[in-house]
Each structure stands twice: as C-alpha cells, then as structure tokens.
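Engineer: Can you keep this structure in mind? I'll have questions shortly.
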Amino acid sequence: MSNIHVLDEKTAGKIAAGEVIERPAGVLKELIENSVDAGATQISIDIEGSGKDLIRINDNGCGMSEADLEKSVLRHATSKITSFDDLEHLHTFGFRGEALYSVAAVSRMALTSFNGEGTGHRLELHAGKVVAKSPAPAIQGTTVEIRDLFYNTPARLKFLKSDSYERACLLKVIEESALANLTVGYQVRINGREVYNLPAQTGEFSASVLARAQAILGEEVAQSLLARSFDEMGLQLFITPVEKLVSVRDMQYVFVNRRPIESKTIQQAIYKAYQNARPKDRHPAFIAYLTLPPGDFDVNIHPQKREVRFVNENHVFGFIMHAAGETVFSASRPVEVTEQLPPARINLPPSAQPAATQLFEQTSPVSATEKVYPQLPAAFFQPKPKVSLSETEEPVDYVARPEASSSETAQPPVQPSVPFNAGTPASSPVWFEGPYRYLGQLQRSYLLFENPQGLILVDQHAAQERVLFEQYLESFEKREIAVQKLLFPIHVDLPPSNAQTLLSWAEFLKTAGFELEPFSARTVLVHTRPHMIRFKEDDLKEFIISLSQVVGDPTKSTETLKRSMVAMLACKKAIKAHDAISSAEAEALLENMQKCKDGMHCPHGRPCVAQLKMKDIDKLFGR
Ligand code: ADP
Ligand code: MG
C-alpha cells in the first residue's frame, strides 16, 4: 500500500466526519486497523499506564516511503480511497484518512517506517506539528508510538475513567481484532507484562477460530462452541449450546468482512433462536463471521459506534435466527433428522485441531431450517418462570435452590434464635395477621401457616432469598458487611478485558464483601465473601464472572442500582437453608419476612406468600 493522497474536500465531506478520538482504546483500534490494512502478519503492542503514557504498536506490514510517511499525518490523507464511488466498493472500513491526523494532534507521536526501499524513516510530531525527521533502521514495517495522549487537551484527559477501565477497553479492542484477523499474530504487553501472545494461525479456519477463542474466551467456552457455515451472507457461526450458555453478555462478536461490528438485529436474532430454552440470566457466547458485498450494508452511520445497518434488516433477522437455531439445536435432533444435517460440534483437544477441517459443511439454511426447525425436541422449550424486575431490565430468573449437599455447606440465612413474636407490628403487610401457627411443609418447598383469616402459604426458597437479599443490601448500603476470609482463595478465569473491568471495581466490590486480587492477565483471586452469604465454589466463580458485566454496565450507572444488582446476583447464587426446615426456622423465616420492605416478593419479583381465605376454603366444600 503506497501512494497516499489527500482526498478532495467533496469526498472527505461525504464520509461521516468528526472522528473524535475519545479514549486510548479508540487510538489503538485505529492503529491496529492500519497495521492489518498494511498486510501485517505480526503486530506487537506495548501499553503503559492506561494507554495515556504510551501506546506503541509495531507491525511487519508494507511500510511507507519517506513521502508517504509525511503525508500520512495530513487530514484526509489515505491510500485507501480516491473518490466517493470507491466507498461503495471498498473492503476495508478504516478509510477516513483521519486517524493518524487526529491522534497526532492530541499527543506526542513518533512514526518509524521502512517499505523495503533504501532506508527507513522516522517522523516525530508534537500536537500535530513535525518536530523532527531522521533516517531509521531498515526494518520492514511500521512502528507508531503515541506518548502523552491528550496532554494538550486537558478536557479530554479529565473525561478518561480509571486506569483499569481504560485498560479493559484497550484489551477488548485487541480481543476483537484477534478474533477478526486470525492470520495475524498478536503480542501484547501492559506495563512490561505479557498479557497476550497469540501466534498467527496458519491452519484451517474453524481450528484457527477455536485456538483464538481458547486464548480469549477461555478453554471451557471455546471447547463448547458449535460451529456451522452457511452460504447465505457467508455466515460462519460459532455458538454455545443451551447447556453451555454463559453468565456474561459480552462474549458476543460479529464481524463483517473481518471488521468487528455491532448489530442489534443480529444479536436479537441469536437470542430469539434459543426461544424458551435460555434461562434469563444466561447468555450465548458467539462469534459470527459474515462476508458481504459492500453494497449490502452501511457502516458509516456513526464513526465511533460501528453499528452496521443492513439493506434488508428483516431478512437478516430471519436468516440469522434460523441459522443460529439450527446450529444450536441440531446436535440434539432426533436421529432421522440428524442424518440429513449432521451437526458440527467443535469439541476437540488442541492436538486434534487439524481434524476440525471436516467440521464445516455447507448447507442451504432456509430449506433445511424450514424442515428441521419446527421439529426441535420439546425438551428445549421448557419454560422457566417468567419474572420481570421492577427496577431494571436485567434479565434474571429465579431458579429454586437445589438442596444443599451437606450440613457443612448449608447455613440458614434466617436466625432461628430471633425471638418469636406472635403480635402484629403496625408496618406489617396485610397478609400478616397473626397470631399464626406453623402447620408444616408441603413438598419440601412450601411452608403452611394458619392464622385467623385462613391459610398462609410461603414459598420457602423465594422467601429465604428475599430475607437474605434485604439483610445483605441493608448492610451493604451501610458499609457494614462482615467478611469471611476464604480458606483458599478462589481462582476465577475470565477474558482479560473482563478481568480488568472487575478490578476497576475492586474497591466497590470490597464494600460488598468480595476482596479481589489480580493473579494473571486472565485470572482474578477472590479472598473473601460476605459472612452472611455462602456459596458453592462453582457458584461463587459464576457470580464473580457475571459481576464483571454488572459493574461495568454503563446503563446501571448509579451505585444504588449496582448495589442491588450485586445483592440480587449474590443471593441468587447463595446456598439457601436446607429444604428440610424445623418449625423454629419456619417461624423465624416468617418473622423475618415481616421485617422486609417487600416481604411479598422474592428479589426477582415473584410472589413468595399467598393467603387462602377461610371463606374461599369453605366455598371449596360448599359450606
Ligand atoms: P486511513 O486508514 O483511513 O487511510 P489513517 O490516518 O489511519 O487513514 O492512515 C493514513 C494512511 O497512512 C493510510 O491510508 C496508510 O496508507 C498509511 N498508514 C497508516 N498506518 C500504516 C501502517 N501501519 N503501515 C503502512 N501504512 C500505514
Ligand atoms: Mg486508518
């Protein structure tokens, strides 16, 4: 790639303007795209601080001549398009010719490049002004070094978040790029410590995706991915089966012509494909690669959001939904159907990866789907109780706790020692009109009480969760959470970007009773838990992973909202009191519910108490 030219004003004006570099991750994204566009097969990235101090990216791409090097930092200088017509036919996205110019303007930049002819060249700029030019060693490729980002724009500097947050954003950019560009090797160091070393993939496509997914999403998720390819839209889909859905919503990647994009249409279509088989707090992990003629979609809606709009959104929705449904459910289809469309499940040890070559088969999705989709086994459509949350749209369902396996792990959240009080406090909800008497337990799930009005039924698990939730939330708000040190710290494995997000909330989570410590780029250690909440080890891990999303979610912005999300998730995963409950515990539970702000509902909004009135009972018997 050479011959950089400055776009004429008319062309430049037609490209969505206003590329504003907001944060280090935005800078890195542009620089990586440039390296990929330059045909690099190896990219190494060094980051210091949160990227403000230093972002250095070195590639072995085509390099630039001296003249091109100087032009590259001019506004609207690009070697990638010459006129607006080209926009329609262009296969790369990063073509605004503004990135180097905009970054140079807000940093101290050094560009070093060698394109194979003569010698290399180096250019240094401060706030967009060239301050030095010099020859450089003849090493193929380009190095871009950005120091002191935003040093001359204090307003933007102030806009940046914590270092760990910025690092999480930087890593997310790298993770996306590495999943998009499998044949490029990535080496990433943050403050001198290696975070990623991803060798360039040279093998078959699905094996390459699997190798990258293992490094980025983690072994377990990667191993579970189902893979299938379709002619339409050149779709190559990797997606988790129902039983391997994950607890975070951000292991979701869509690439169009190798560029990461966002598309609500595609995301929603994939969720829809799981129908009722997906519990509300579980999310698919997926990687979808699409290959499309440039005329079929529009990426230039907004330069920063990279939201893609398809020419025919409805069609795309239907197609993706069926394709995903077919991929996810085909593995469990009845035998006759399976024979028509063998499932392609990637579940190989790394050593067997070349065998993945045979995994992809071409199918004609629409016809196959029409035949197969309505025949999905009923087991996949087992409905979970649908519950809506009043405060937030976070999809959370309530699943009754399995019985705790041993008395050692089971700890009733209710204190049977709470003195029994048969009286009715002024603030009692209407259903609580004592005196009441505990009658017993129904199906190890419901507690039955009588009171003068009739029969009270309490959903034991929902009630326990409500009581725990309110007690926990209250001490959380007062910053009075007593913690219990874990005998052995729990190792939680998660994508480095998620690990960074978690750590950026370490202080907040400490007030929630969870003390975290970084262990490696993708491992976080948990040292404590709140005293009042006990977890099985796997549930604690899952809880911590899902936290990385809750705390980082910008739509749950207030601390109050974050606190209640944390409390809700924690109580959901907590070990509840054993099913077999003593009458003292049953009475104490009712007592504690009475003290709750909302003793009528579990934290997810389901009712946990019902009263059968005497007159209704009498009616049953025709009295
Ligand atoms: P754009 O990528 O939209 O063309 P940029 O400002 O990002 O605009 O880059 C300007 C030009 O500089 C590119 O078109 C390309 O020719 C050249 N360039 C930038 N980075 C590199 C690189 N790493 N290797 C080779 N050429 C590069
Ligand atoms: Mg660019």
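Just so you know, all these numbers are worked out from the coordinates, no wet-lab data involved. Quick caveat, the model's predicted, so the values are computed rather than measured. Methodologically, a virtual Cβ is constructed for each residue, glycine included, from the backbone with ideal geometry; neighbour enumeration extends over all protein chains shown.
Engineer: In region 205-331, if the dipole is taken from +1 on Lys/Arg beta carbons and -1 on Asp/Glu beta carbons about the Cα centre, which of Leu210, Gln252, Tyr274 is farthest to the positive end?
Structural biologist: Gln252
Engineer: Starting from 0.36 nm per residue, how many nanometres of slack lie between Asn276 and Glu477 once their C-alpha separation is accounted for?
Structural biologist: My answer for the length gained is 68.8 nm.
Engineer: Further, regarding this structure: Under 5 Å between amide H atoms, partner at least 5 residues away or on a different chain: which partners does Glu307 have, H built in plane at 1.01 Å?
Structural biologist: Amide H to amide H, under 5 Å and 5 or more residues apart or across chains, Glu307 pairs with Glu262, His302.
Engineer: Among Lys280/Lys536; Lys80/Lys272; Lys280/Lys597; Lys536/Lys597, which pairs are too far apart, with a Cα-Cα distance over 30 Å?
Structural biologist: Pairs exceeding the cut-off: Lys80/Lys272.
Engineer: Another question, if that's okay. Below 10 angstrom from the Cβ of Phe159, what's the summed charge of the other residues (Lys, Arg +1; Asp, Glu -1)?
Structural biologist: Working: positive: Arg23, Arg156, Lys158, Lys161; negative: Glu22.
Counting the neighbours of Phe159, the net charge comes to +3.
Engineer: Let me ask something else about it. Can you give me the long-range amide H partners of Gly185? Hydrogens built in the peptide plane at 1.01 Å from N, cutoff under 5 Å, separation of 5 or more residues or another chain.
Structural biologist: Placed amide hydrogens put Gln42, Ile43, Ala200 under 5 Å from Gly185.
Engineer: Are there GluC sites (Glu not before Pro) in region 91-151 that DSSP marks as loop and that have at most 11 other Cβ atoms within 10 Å, and which are they?
Structural biologist: Here the GluC sites (Glu not before Pro) that fit, given the DSSP loop and packing criteria, are Glu117.
Engineer: Return the long-range amide H neighbours of Ile490 (sequence gap of 5 or more, or a different chain), with a cut-off of under 5 Å between placed amide H atoms.
Structural biologist: Excluding prolines and chain starts, which carry no amide H, the hits are Val526.
Engineer: Let me ask something additional. Relative to the present Cα-Cα distance, how much length would full extension add between Thr202 and Lys510 at 0.36 nm per residue of separation?
Structural biologist: So the chain would gain 106.5 nm between Thr202 and Lys510.
Engineer: Could you calculate the contour length gain from Leu487 to Lys129, that is, 0.36 nm times the residue separation minus the distance between their Cα atoms, to one decimal place in nm?
Structural biologist: Additional length available on full extension: 123.1 nm.
Engineer: What FRET efficiency would be calculated for the residue pair Gln443, Thr523, taking the C-beta separation as r and a Förster radius of 45 Å, to the nearest 0.05?
Structural biologist: For R0 = 45 Å, the calculated efficiency reads 0.60.
Engineer: Using the Cβ atoms and a cut-off under 9 Å, what net charge is assigned to the surroundings of Ala180, where Lys and Arg are +1 and Asp and Glu are -1?
Structural biologist: After counting each charged neighbour, the total is +1.
Engineer: Around Thr528, under 15 Å between beta carbons, what's the net of Lys plus Arg minus Asp minus Glu among the other residues?
Structural biologist: So the environment of Thr528 carries a net charge of +1.
Engineer: Moving on. Hey, got a sec? Which GluC sites (Glu not before Pro) in region 501-567 land in a DSSP loop and have at most 12 other Cβ atoms within 10 Å?
Structural biologist: When the GluC sites (Glu not before Pro) of region 501-567 are filtered for loop state and at most 12 Cβ neighbours within 10 Å, nothing remains.
Engineer: Can you give the FRET efficiency for Asp538 and Ser583, using 1/(1 + (r/R0)^6), R0 = 30 Å, r = Cβ-Cβ distance, to the nearest 0.05?
Structural biologist: 0.40
Engineer: Which GluC sites (Glu not before Pro) from region 432-489 combine a DSSP loop assignment with at most 12 other Cβ atoms within 10 Å? Working shown, then result.
Structural biologist: Working: sites: Glu433, Glu450, Glu465, Glu470, Glu474, Glu477, Glu480; in loops: Glu433, Glu480.
In loop regions of region 432-489 (DSSP not H, G, I, E or B), the sparsely surrounded GluC sites (Glu not before Pro) are Glu480.
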